[in-house]
Structures are given as structure tokens and as C-alpha cells.
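Have a look at the structure below before the remarks.
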Amino acid sequence: MNMSSILGTFGTIIGLFRAMPQLVRLLRAQEAFGVSVDTAATSAICSFSWVAYGVLTDQFYFSLASGLTGFIFALITLFALRFGRQVKEFKVAPIWLAVLLLAGVVAGKNGLGLVLAISVLVANIPQVWLAYKESDLTDLSLGTWLISTIEGLIWLTYSFLQQDVSIMVSAFFQAMTSGLIVALKLARQAKIQRQEALIPSPIRQD
């Protein structure tokens, strides 16, 4: 097994578990504070598009990882809607679905690869903005975005070995935006802890 296959295997495994913490958190809390349903839906659309690209370019591991990830993000989308997010929050997802379909039909795998290269950036921007804007990030899974950062770095290495520019650009944007979401979540947690530390403890009456 060569290095590309090893990285592809690790990427596939991590791709399977990347979105699971967010799904589990939604199911347990049955609330969706801080979760961008637009990002979840766009991520599902992009992941399924990567499946098509992987098939067209004979990259089995990448197709498998993308398909598994897309399925989980589709579930996150459905449960986020069920637990409080609104359909009107879909802004990027329907537009990007149309863009990807048009690119694939008009320009084939090259056009699809070109658009997919920046798709993860487009998909994650709503979550970056929501994490920056909303004060309550309780239901935003830190684990999902930590794993997403690591996965981006793995696929970035893989893309260098495969010399696939589309995957390279996408993996870079994935690692960058996911890392930013992690930083925003940690900053919000630290702020809450500081605020709680300033609240005086009740005086005990004997």
C-alpha cells in the first residue's frame, strides 16, 4: 500500500466520523443553538458532488469518504431543521447546488473540480459567521470542527501526492475555515468561563 492509499484510508475513516459529534450533540440536546443549517446543507451537497468528481477521476477513497460525510451532513440538516432552525436560513445551499450542476453539465469533471475547489469555503462561511455572531454556541460541536481541521490537513497532504489541484485548494480551505470555527468556539467558551468566575458565590448561612 503506497502513501496515497494510506492517507486515503485515514481520510475515509476520519471523513466518516467528522460530522458524527455534531449529529450526536443535536440528537442529545434536541436543540440547534449555534448550528448553521445552511452550512450543513451546503456541505452535504458539496460532499455528494465530490463523490461524482472522485468517480470521474478514479479516486475511490475520496469518493467513499465524501459519500459518507455527505450522508451525515444530510442528517444534520434534517435534525437541525427539526430542532429549531428555519428553512429561510437556506441562502448558500440552493445557489451552490445550481452552480455545481451547471458546472458539471457544461464543463464536465474539469468544471466540477474547479467549482468544488472553493466549495468548502462557500459551505463553511455561514458557520463561521454564525459562530462569530451568535452568543450561544452551546450546540455547536467542537469535536466535529476539530476533526474537520485534521481531515483537511490529511487530504491536503494526499492532494500533493496525487497532484490534484482541486482537492488541494479545497483541503486548504477546509483546514483554514474549520480551524477558525474551532477558535471562535473556544473563545466563546473562555468568555463564558470568565463571566461565571466573576459571579460571586452565594454566602452560606449556618
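Here are the numbers for this structure:
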quantity	calculated
Hey, residue 157 in contact with a Leu (Cβ under 7 Å, 6 or more places away or on another chain), touching a residue at least 60 places away in the same chain (Cβ under 8 Å) and not in a loop (DSSP other than H, G, I, E, B) or not	yes
Any hit, region 51-69, residues being of a type in the set (A, V, I, L, M, F, W, C), in contact (Cβ under 8 Å) with a residue 60 or more places away in the chain and closer than 22 Å to residue 91 by Cα	no
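Laboratory data are not the source of any read-out in this text; all were calculated from the coordinates shown. What you see is a predicted model, and the numbers here were worked out from it, not measured in a lab. Don't worry about glycine lacking a Cβ; one is built from the backbone with ideal geometry, like all the others, and counts go over all protein chains shown.
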